[in-house]
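> Got a structure for you, questions after.
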Amino acid sequence: MPLNIEKIRSQFPALALEDDGVPRVYLDNPAGTQVPKQVLDRITNYMIRCNANHGGDFRTSVESDAILDEAHQAMADLLNAPSLNDIIFGANMTTLTFAMSRSIIRWFKPGDEIILSRMDHDANVAPWMQAAKDMDITVKWLPFNTESYQFDLNNLADLLSDKVRLVAVNYASNAIGTINDVKKITEMAHDAGALMYIDAVQYVPHSPTDVQDIGCDFLACSVYKFFGPHQGVLWGRSDLLEKLYAYRVRPAGAALPGKFETGTQSHEGQAGTLGALEYLAAVGETVADEYRDQLKGLSGRAGNLRAAMLAVKDYEKTLSWHLIKGLVEIPGVTVHGITDPDRMDERVPTVSFTKSGVSPETLSRALAAENIYVWHGDYYAVEVIDHLGLTESGGMLRVGAAHYNTTAEIDKLLDVVAEMQ
Ligand SMILES: Cc1ncc(COP(=O)(O)O)c(C=O)c1O
């Protein structure tokens, strides 16, 4: 196993914390991850040495702008985006998607159609529903199969027509953990003449992401899900971003990415993002040789980021299986997601389940009492919980591992789940 987990853990100050001698077990990662020292250093350094607004002639502003450019470039490296100008920072994925949906919907006319999915977080649903309502556009729904926990792409083929202008789906589900074949879905959307908007919030922390390989038009993610501060990032195809109308103040220029980065951004957040990517690139450097044949010719930071995410993916598969194997052995537990050991490649280590006779909330509280952090309910995946028929019974308990978690931590969780009656 190429990742040195002990060394990795030592770089995250929060992972060493204990309360009354009980270590904290962070399995709430799909809702937000802990940060390595590089993030703290970058933020502190920014606030002390170059805290200034954009575009000044003086030292702090010049240094600040250099850091912001570097953060955009580092994100472009992570996503294999062709240019740093196609990277748009914002408060979070939801806010960016509300803004983008407003801009994109202006291209459509009443009677046009968009396709949303029953597997998506509401951040990739509600913005589109509301924009569609305003413009008299019809929403069509792509279901997922409640046994395979996947989309049936025949359903997508049935929904697509020359009326469909946009398909918005997730790369990985924040509830059931399924990874979707977004490359194929993009191809189908494009063949029908539709745009493709991908919510990659739950995929980017777990695997390499390559917007050029996918061929999509837009892809959004959240930095705080991959070891950085609370920031959202949207990548868009530059020819589309250039043509899109941006709601902005008049003094803001029309150049990318600034036309969509309205107002003063969280500069310290972007500096922290750079720190998170420097951390990942440093991890990647330690394993790059092992993944040399999978780096697609990428070198420098882009190559190291890809190597890191390939190693993260390999390690996390072992966590997924350890967790799922333990859960399915506990009487009364139902895992709502892919459980086949040969299909661990098709899911992220976000595993949701129910236990008969114990509500997800009760389980969550019992785990919290042992300093083990998880979420229960719908985690804003309201369509998913509804589609699974679990709304009335309180949703599911969600356990979400990241690359700094260990099988020993998962065992602690399994012990509590097994004991609860
Ligand atoms: C799949 C998915 N999409 C979107 C979001 C919303 O992201 P943000 O908090 O950056 O708006 C989340 C947050 O949990 C998510 O899991």
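The values are calculated or read from the model by the stated rules, or taken from the named source; none is laboratory data. Quantities reported herein were computed from a predicted structural model and do not represent experimental measurements. Cβ coordinates were reconstructed from backbone atoms using ideal geometry, including for glycine residues, and neighbour counts include every protein chain displayed.
> Mind listing whichever residues of the stretch 1-50 are of a type in the set (D, E) and farther than 25 Å from G232 by Cβ?
Residues of the stretch 1-50 of a type in the set (D, E): 6, 18-20, 28, 41.
Passing the criteria: E6, E18, D19, D20.
> Of the residues that sit in the stretch 287-333 and are hydrophobic (A, V, I, L, M, F, W, C) and outside any helix (DSSP H, G or I), which one is surrounded by the fewest Cβ atoms within 10 Å (Cβ to Cβ)? Walk me through how you get there before you give the answer.
Residues of the stretch 287-333 hydrophobic (A, V, I, L, M, F, W, C): 287-288, 295, 298, 302, 305, 307-312, 319, 321, 323-324, 327-328, 330, 333.
Next, only the ones that are outside any helix (DSSP H, G or I) stay: 295, 298, 330, 333.
On the way: L295: 18, L298: 18, I330: 16, V333: 19.
Among those that are hydrophobic (A, V, I, L, M, F, W, C) and outside any helix (DSSP H, G or I), it is I330.
> Checking the conditions here, which among G232, G236, G258 is over 19 Å from I105 (Cα atoms) and either within 14 Å of the ligand (Cβ to nearest atom) or crowded, with 23+ Cβ neighbours inside 10 Å (or both)?
G232
> Could I ask something else about it? Give G90, G111 a once-over and let me know the one that is in contact with a Ser or Thr (Cβ under 9 Å, 6 or more places away or on another chain) and within 30 Å of L298 (Cα to Cα).
G90
> While we're on this one: Filter the stretch 29-39 for residues that are assigned to a helix (DSSP H, G or I) and within 16 Å of the ligand (Cβ to nearest atom); which is surrounded by the fewest Cβ atoms within 10 Å (Cβ to Cβ)?
A31
> For D181, only one of the following conditions fails: (1) under 30 Å from V351 (Cα atoms); (2) in contact with a strand residue (DSSP E or B) (Cβ under 9 Å, 6 or more places away or on another chain). What is its number?
Evaluating D181 over (1) under 30 Å from V351 (Cα atoms); (2) in contact with a strand residue (DSSP E or B) (Cβ under 9 Å, 6 or more places away or on another chain) leaves (2) as the failure.
> Given the conditions (1) hydrophobic (A, V, I, L, M, F, W, C); (2) within 16 Å of the ligand (Cβ to nearest atom); (3) touching a residue at least 40 places away in the same chain (Cβ under 8 Å), report the number of the one that V182 does not fulfil.
(3)
> Quick check: is even one residue across the stretch 40-56 out of contact with any Phe, Trp or Tyr (no Cβ under 7 Å at 6 or more places or on another chain), surrounded by fewer than 20 Cβ atoms within 10 Å (Cβ to Cβ), at positive phi and not in a strand (DSSP E or B)?
Scanning the stretch 40-56, I find at least one residue that is out of contact with any Phe, Trp or Tyr (no Cβ under 7 Å at 6 or more places or on another chain), surrounded by fewer than 20 Cβ atoms within 10 Å (Cβ to Cβ), at positive phi and not in a strand (DSSP E or B), so the answer is yes.
> Just to be sure, is V399 touching a strand residue (DSSP E or B) at 6+ places or on another chain (Cβ under 7 Å), in contact (Cβ under 8 Å) with a residue 12 or more places away in the chain, surrounded by 15 or more Cβ atoms within 10 Å (Cβ to Cβ) and not polar (S, T, N, Q)?
It is true that V399 is touching a strand residue (DSSP E or B) at 6+ places or on another chain (Cβ under 7 Å), in contact (Cβ under 8 Å) with a residue 12 or more places away in the chain, surrounded by 15 or more Cβ atoms within 10 Å (Cβ to Cβ) and not polar (S, T, N, Q).
> Residue by residue through the stretch 183-205, note down the ones that are within 16 Å of R237 (Cα to Cα), among the aliphatic types (A, V, I, L, M) and not in a loop (DSSP other than H, G, I, E, B).
Scanning the stretch 183-205 gives A189, L195, M196, I198.
> Only one residue in N53, N80 is within 29 Å of N304 (Cα to Cα) and in contact (Cβ under 8 Å) with a residue 24 or more places away in the chain, so which one is that?
Within the list N53, N80, the selection yields N80.
> Moving on to the next point. Residues that are surrounded by fewer than 19 Cβ atoms within 10 Å (Cβ to Cβ), at pLDDT 95 or above and more than 16 Å from the ligand (Cβ to nearest atom), at least 2 per element: which strands (runs of 3 or more DSSP E) completely within the stretch 69-172 meet that?
138-142
> Oh, and also: Does A200 satisfy being within 16 Å of the ligand (Cβ to nearest atom) and under 21 Å from P82 (Cα atoms)?
Answer is yes for this residue.
> With the structure loaded, tell me whether Y26 is more than 16 Å from the ligand (Cβ to nearest atom), hydroxyl-bearing (S, T, Y) and surrounded by 16 or more Cβ atoms within 10 Å (Cβ to Cβ) or whether it fails that test.
No; evaluated as a whole, the condition is false for this residue.
> Next question, about the same structure. State yes or no: is V182 of a type in the set (A, V, I, L, M, F, W, C), crowded, with 24+ Cβ neighbours inside 10 Å and under 23 Å from A66 (Cα atoms)? Walk me through it before giving the result.
Values: of a type in the set (A, V, I, L, M, F, W, C): yes; crowded, with 24+ Cβ neighbours inside 10 Å: yes; under 23 Å from A66 (Cα atoms): no.
Answer is no for this residue.
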